[in-house]
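Novice: Structure below; questions to follow.
The values are calculated or read from the model by the stated rules, or taken from the named source; none is laboratory data. Quick caveat: nothing in here was measured; it's all calculated off a predicted structure. A quick note on method: Cβ atoms are made from the backbone with ideal geometry, for glycine too, and the neighbour counts reach across all protein chains shown.
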Amino acid sequence: MKIALTKERKTPPDRRVVLSPEICREAIKLYSELEILVESSDIRIIDDAAYKDAGFKVTTDLTDCDVILGVKEVPIEALIPGKKYFFFSHTIKKQPYNRKLLRAVLDKNIELYDHEVITSKNNLRLIGFGYYAGVVGAYNGIRTYGLKYDLFNLPKLERVKDKVALVNELHKIDLPAIKIVLTGTGRVGNGSKEILDAMYIRQVSVESFLTKVYDEPVYVQIDVLDYNRRKDGVQKDMFDFFDHPEEYDSNFKRFTRVADMFIAGHYHNDAAPDFYTLADTKKPEFKIRVVADISCDIGRPISSTLRASTIADPIYGYDPVKGVEADYKKPNIIAVMAVDNLPAELPKDASDGFGEMFLEHVIPAFFDKDKNGILQRARMTQNGQLTARYKYLQDYVDGKE
């Protein structure tokens, strides 16, 4: 079986890769029948020479490979008909900008596996870059705070080698006695938590966060039942929220009255309530002035996220009175950091972590007849058709919605 690592071609360039040379070597030790090729790339964080030195062929021709692995969407013109592809297609939510890509995948009889839907039997995601999104998002949030109030100027991560160096930069600064609310307890939220802990910022309880005044920076990490409550007042568990989000109202406003910074590391269901609305931000009691929106869902559930920002230009301001973008350094303006590809800012660390998960969960499925259904659940297309699990995308493909 031949697997190939494709060159990332999306603009702006993404330097991550699915498998590092070290992970490739581990894979072929475990599976002697596996061969790995690497498409030559001048942008990848790990250069061609590193793969050659590790004993892997670097080529520009992937036509004889069985499976092609990428990170971001493969441009339509670069897709090789009849192949099996793994990449983040950004189509499962019917994203309009990738409709043509999914059509092309079907037209070219490509078997598409989306990293985002590589899940366990319980439908839990098995691989992803979420942890590093949380790490980078927390760093960028702290950096945004320093820039907004002219307190410190942390370097952009393009000038920082890795996570260790990132933490060292954070140790050089002093935060004032601010309150940070962090949402999410999954990979993203816990990646952010690790950074706040590395800064020795004290974690406090919800009650203490809401009621006490501190002479040091503190944070609270909250989950769905901390910022949502059932409309009927009946207290249930988080699984009830996941199953019936429409039965809940937001209870997040109590945090907006006391928090200075909001780091959004949660997963949001479209049927769940918004955290806050544009009208909420106009109220005098709305205190948050820095938002690091790692989740980056435009417009809702975080109304001040007007658009995604970029690695090159990561911060913009939101004027809650006028409802428009403004200079984020002005006193009453909310500074928004909403980069939608945060892990790309730590490409080597993120690639290493992703590759370890891919080796653990996906590569075995190629050789054990997919006994755990990993490939079956992630297979979006086959024989020029959407598979049964993804038939809901047919109207999207046809342009009917």
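Novice: Would you check which residues across segment 53-104 are basic (Lys, Arg) and over 18 Å from residue 34 (Cβ atoms) and list them?
Specialist: 72, 93, 94, 99, 100, 103
Novice: Continuing with the same structure: Specify which of the listed residues (331, 273, 301, 314) is assigned by TED's automatic domain parsing to the domain that holds residue 137 and free of Cβ contacts under 8 Å to residues at least 24 places away in the same chain.
Specialist: After applying the criteria, what remains is 331.
Novice: Here is a follow-up. Considering each residue of segment 214-232, count those that are assigned to a helix (DSSP H, G or I) and not hydroxyl-bearing (Ser, Thr, Tyr), and give that number.
Specialist: The qualifying residues number 3.
Novice: In the list 64, 42, 53, which residue meets the criterion of being in contact with a Pro (Cβ under 8 Å, 6 or more places away or on another chain), of a type in the set (Asp, Glu) and surrounded by fewer than 21 Cβ atoms within 10 Å (Cβ to Cβ)?
Specialist: 53
Novice: How many residues does segment 285-297 contain that are more than 14 Å from the chain's Cα centre (by Cα) and either hydroxyl-bearing (Ser, Thr, Tyr) or more than 13 Å from residue 141 (Cα to Cα) (or both)?
Specialist: 3
Here is a yes/no grid of residues against (1) modelled with pLDDT of 90 or more; (2) of a type in the set (Gly, Ala, Ser):
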| position | (1), (2) |
| --- | --- |
| 227 | yes, no |
| 233 | no, yes |
| 239 | no, no |
| 248 | yes, no |
| 255 | yes, no |
| 258 | yes, no |
| 262 | yes, no |
| 265 | yes, yes |
| 279 | yes, yes |
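Novice: Give the residue, chosen from 33, 8, 26, that is closer than 29 Å to residue 340 by Cβ and in the same structural domain as residue 363 (by TED's automatic domain parsing). Steps first, please.
Specialist: On the way: 33 fails: closer than 29 Å to residue 340 by Cβ; 26 fails: closer than 29 Å to residue 340 by Cβ.
Answer to the check: 8.
Novice: Residue by residue through segment 126-154, note down the ones that are surrounded by fewer than 24 Cβ atoms within 10 Å (Cβ to Cβ), modelled with pLDDT of 95 or more and either among the aliphatic types (A, V, I, L, M) or not in a helix (DSSP H, G or I) (or both).
Specialist: 147, 149, 150, 151, 152, 153, 154
Novice: Another one. Within segment 155-183, count every residue that is crowded, with 16+ Cβ neighbours inside 10 Å and either within 13 Å of residue 138 (Cα to Cα) or within 23 Å of the chain's Cα centre (by Cα) (or both).
Specialist: Keep residues of segment 155-183 that are crowded, with 16+ Cβ neighbours inside 10 Å, which gives 157, 160, 163, 166-167, 169-170, 175, 178-183.
Adding the requirement that they be either within 13 Å of residue 138 (Cα to Cα) or within 23 Å of the chain's Cα centre (by Cα) (or both) leaves 157, 160, 163, 166-167, 169-170, 180-183.
Number of matching residues: 11.
Novice: Out of segment 180-207, which residues are farther than 19 Å from residue 252 by Cβ and part of a strand (DSSP E or B)?
Specialist: Passing the criteria: only 202.
Novice: Could I ask something else about it? State all residues of segment 233-266 that are of a type in the set (A, V, I, L, M) and in a loop (DSSP other than H, G, I, E, B); if no residue qualifies, say none.
Specialist: Matches in segment 233-266: 234, 258, 259.
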